[in-house]
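Participant: Can you keep this structure in mind? I'll have questions shortly.
The values are calculated or read from the model by the stated rules, or taken from the named source; none is laboratory data. These numbers were taken from a predicted model, which means no experiment stands behind them. Because the Cβ atoms are built from the backbone with ideal geometry, glycine has one as well, and the counts that use them run over all protein chains shown. Surface accessibility is based on the protein's heavy atoms, side chains included, excluding ligands, DNA and RNA. Shrake-Rupley method; radii C 1.70, N 1.55, O 1.52, S 1.80 Å.
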Amino acid sequence: MNFNKRPKIQSEKELYYDRIPMNGSKKLIIYRKVKSEFEYYYSEEGCHKFDNGESEKLFHNAFSRELKKYDGILYRVYDLKTPLSEQWPKIMEANEIMKQMTYKKSTNPKFPDYCVDITTTGLTKPTVLKHLMIHSAWFKEIPNRNDVYDFEYDFVENASHGPITWCEPYEGYVHMVDIDSMYPSIYGADENFYFPKRFTNKFHEFDVVPENFQFGIYNNIKVEFPEGMHKIAKIALTHHNGYYTHYELKLAKMLNAKIIKKDDNKLIGAIIYPDGDLLSHRFFANYLTHLKAIKTLPRFKQARPIAKEMMSSLWGIMCEKKKDSCLYNGLNEKAYGRKTLDFHYKDWGVEDATELDINWKLDKESGEFVISSIWKRSRQYTGPFPRIKPFILTFARCKMIKLALGFDEDDIIRIHTDSFWLKKQYGIHIPKNDGNDIGKLQYEGYHHVTLKSLNNFTRNAQQPCQ
């Protein structure tokens, strides 16, 4: 089946490496968001300024050439306790470490020497993309990399099952372990992780479940596990929408799961990409080399937060979506006060209710839920490689499942993305952030916890029994 004539979802046409601003070094203004207010610190004046986010919105268009006319450049911090005046000199020290460790002498007379310097790029996104551009020649060579077909969008989004998050109420002692920099270790070092660079017009339909799952995304699939299967595998490999990547389906087969059609009256659809289309670590290794050293070695501790942010945010920037558009913000009397049963999506000029994101709030006077805002979901990407999204997420899920299978299911108290809370230590002794390579299961400590829900808990550090 050929989809060449199907309309593409249009994405930004300018190439990323042509949009990095040539700002030169500027005054660094650090800022943070505290509740609904934004706080900015201007070092030369030694003063703090506040607004509702207007300055952030202005600077967040980090590729705008108009930034040239501004004296300063913004960088966001996430420490809400330490005063910004104390954070600013530490960030400048960290930036000097980053500059020294990432210095790269240019071999092209058209371009100057390069190093990571947040006083020239500011926000994380342009810093990451400029670093990727310098260290990955392939970044410029792949055309139409973020053009996604409309029907393909549904496969990419529906197969993008997020990280594993699970817990059960518990009070007692736990050992906390996690995979250090899990996502960077996958796309920067794992020889088994691939992702597609572009659409290939290979769409398939199957009457029966294929014997072998080629590299791609499949829908109308149901996975049934044998009795006694580890509960984490069941939870993490059960997707009620019926979308799976080949990574998940191959793991399910290894676990002797039965893979069947979700709906017998429909065909199985699949987007098949060339197997091994883009071997991730060959292209991201150079990007991560110096960042990894800064992140792991104790002598670079000061710059660790910046390096960690650059490493971890790469894949999210690669598949960043265009922002949704607001159709109603609570001020339009036409919609305000409507109850759920009174609402009809056609009032907003869309063909399907799934195109809308509708938020509700409790009306204090009537005691009923009413519409607070309506957003039209965007089906476009601004990131350069959106197809990495389902594959990096499901590869990481499979990695966590394989680790979970090594623990007794009754010993697992909580899983959150890349971490486990365990009743036993299981011989995991590698201390975190102690010069070890990324991607390893590391020990965070022994704690007494009161766990009520995933993010509702208290903990106190304890010395483990010898």
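Participant: Quick check: anything in the range 276-286 at pLDDT 90 or above, open to solvent by less than 60 Å² (accessible area, probe 1.4 Å) and under 30 Å from residue 184 (Cβ atoms)?
Facilitator: no
Participant: To continue, here is another question. I need the full set of residues from the range 195-209 which are outside any strand (DSSP E or B) and at pLDDT 95 or above, in order please.
Facilitator: Applying the first criterion (outside any strand (DSSP E or B)) to the range 195-209 yields 195-202, 207-209.
Passing the criteria: 207, 208, 209.
Participant: Further question: Under the condition of being in contact with a Lys or Arg (Cβ under 6 Å, 6 or more places away or on another chain) and among the aliphatic types (A, V, I, L, M), which residue from the range 312-355 is modelled with the highest pLDDT?
Facilitator: Restricting to residues being in contact with a Lys or Arg (Cβ under 6 Å, 6 or more places away or on another chain) and among the aliphatic types (A, V, I, L, M), the top hit is 317.
Participant: Residue 402 is checked against (1) outside any loop (DSSP other than H, G, I, E, B); (2) open to solvent by 60 Å² or more (accessible area, probe 1.4 Å); (3) over 25 Å from residue 249 (Cα atoms) and fails just one. What number does that condition carry?
Facilitator: (3)
Participant: If you don't mind, another one. Is it the case that residue 150 is surrounded by fewer than 20 Cβ atoms within 10 Å (Cβ to Cβ) and either among the hydrophobic types (A, V, I, L, M, F, W, C) or more than 18 Å from residue 403 (Cα to Cα) (or both)?
Facilitator: Spelling it out, residue 150 is indeed surrounded by fewer than 20 Cβ atoms within 10 Å (Cβ to Cβ) and either among the hydrophobic types (A, V, I, L, M, F, W, C) or more than 18 Å from residue 403 (Cα to Cα) (or both).
Participant: Which residues, counting only those in the range 219-235, are over 20 Å from residue 206 (Cα atoms) and either assigned to a loop (DSSP other than H, G, I, E, B) or open to solvent by less than 30 Å² (accessible area, probe 1.4 Å) (or both)?
Facilitator: Residues satisfying the conditions are 225, 226, 227, 228, 229, 230, 232, 233.
Participant: Let me ask something else. At least 3 residues that are modelled with pLDDT of 80 or more in each: list the helices (runs of 4 or more DSSP H) lying fully within the range 64-172 that qualify.
Facilitator: 84-101, 118-121, 124-135, 150-158
Participant: Another one. Can you tell me which residues in the range 233-275 are more than 16 Å from residue 210 (Cβ to Cβ) and modelled with pLDDT under 95?
Facilitator: 274
Participant: I'd like to verify a number: residues in the range 425-456 that are in contact (Cβ under 8 Å) with a residue 40 or more places away in the chain and more than 26 Å from residue 185 (Cβ to Cβ), how many?
Facilitator: Summing the residues that are in contact (Cβ under 8 Å) with a residue 40 or more places away in the chain and more than 26 Å from residue 185 (Cβ to Cβ) in the range 425-456 gives 6.
Participant: A further question on this structure: Would you check if there is a residue in the range 376-390 being part of a strand (DSSP E or B) and at negative phi?
Facilitator: In the first step, residues of the range 376-390 are kept if they are part of a strand (DSSP E or B); the result is 376, 381.
Next cut, at negative phi only: 376, 381.
Within the range 376-390 (the criterion being part of a strand (DSSP E or B) and at negative phi), the answer is yes, since at least one residue qualifies.
Participant: Let me ask you something else. Out of all the residues in the range 236-244, is one or more in contact (Cβ under 8 Å) with a residue 40 or more places away in the chain, of a type in the set (A, V, I, L, M) and either in contact with a Cys (Cβ under 6 Å, 6 or more places away or on another chain) or open to solvent by 10 Å² or more (accessible area, probe 1.4 Å) (or both)?
Facilitator: Within the range 236-244, not a single residue is in contact (Cβ under 8 Å) with a residue 40 or more places away in the chain, of a type in the set (A, V, I, L, M) and either in contact with a Cys (Cβ under 6 Å, 6 or more places away or on another chain) or open to solvent by 10 Å² or more (accessible area, probe 1.4 Å) (or both).
Participant: When you scan the range 292-312, how many residues do you find that are open to solvent by less than 30 Å² (accessible area, probe 1.4 Å) and among the hydroxyl-bearing types (Ser, Thr, Tyr)?
Facilitator: 1
Participant: What pairs can you find where one residue is in the range 361-380 and without any contact (Cβ under 8 Å) to a residue 40 or more places away in the chain, the other is of a type in the set (Gly, Ala, Ser) and not in a strand (DSSP E or B), and their Cβ atoms are less than 7 Å apart, with a gap of 6+ or different chains?
Facilitator: Final answer for the pair search is 370/337.
Participant: Please tell me if residue 186 is in a strand (DSSP E or B), open to solvent by less than 30 Å² (accessible area, probe 1.4 Å) and modelled with pLDDT of 90 or more.
Facilitator: The answer is no for residue 186.
Participant: Continuing with this model, one more query. Please verify whether residue 413 is of a type in the set (A, V, I, L, M, F, W, C) and either open to solvent by 60 Å² or more (accessible area, probe 1.4 Å) or not in a loop (DSSP other than H, G, I, E, B) (or both), treating the condition exactly as stated. Can you show your working first?
Facilitator: Values: of a type in the set (A, V, I, L, M, F, W, C): yes; either open to solvent by 60 Å² or more (accessible area, probe 1.4 Å) or not in a loop (DSSP other than H, G, I, E, B) (or both): yes.
Considered against the rule, which asks whether it is of a type in the set (A, V, I, L, M, F, W, C) and either open to solvent by 60 Å² or more (accessible area, probe 1.4 Å) or not in a loop (DSSP other than H, G, I, E, B) (or both), residue 413 comes out as yes.
Participant: Which pairs have Cβ atoms under 6 Å, sit 6 or more apart or on different chains, and link a residue in the range 23-48 that is farther than 14 Å from residue 77 by Cα and open to solvent by less than 30 Å² (accessible area, probe 1.4 Å) to one that is in a strand (DSSP E or B) and among the polar types (S, T, N, Q)?
Facilitator: none
Participant: Among residues belonging to the range 156-170 that are open to solvent by 40 Å² or more (accessible area, probe 1.4 Å) and hydroxyl-bearing (Ser, Thr, Tyr), point out the one that is farthest from residue 392 (Cα to Cα).
Facilitator: 170
Participant: Residues that are of a type in the set (Val, Ile, Thr) and either closer than 30 Å to residue 459 by Cα or out of contact with any Asp or Glu (no Cβ under 6 Å at 6 or more places or on another chain) (or both): does the range 366-376 have at least one?
Facilitator: yes
Participant: Related question: Determine which member of the set 356, 393 is aliphatic (A, V, I, L, M), in contact (Cβ under 8 Å) with a residue 40 or more places away in the chain and surrounded by 14 or more Cβ atoms within 10 Å (Cβ to Cβ).
Facilitator: Just a single option satisfies the conditions, and that option is 393.
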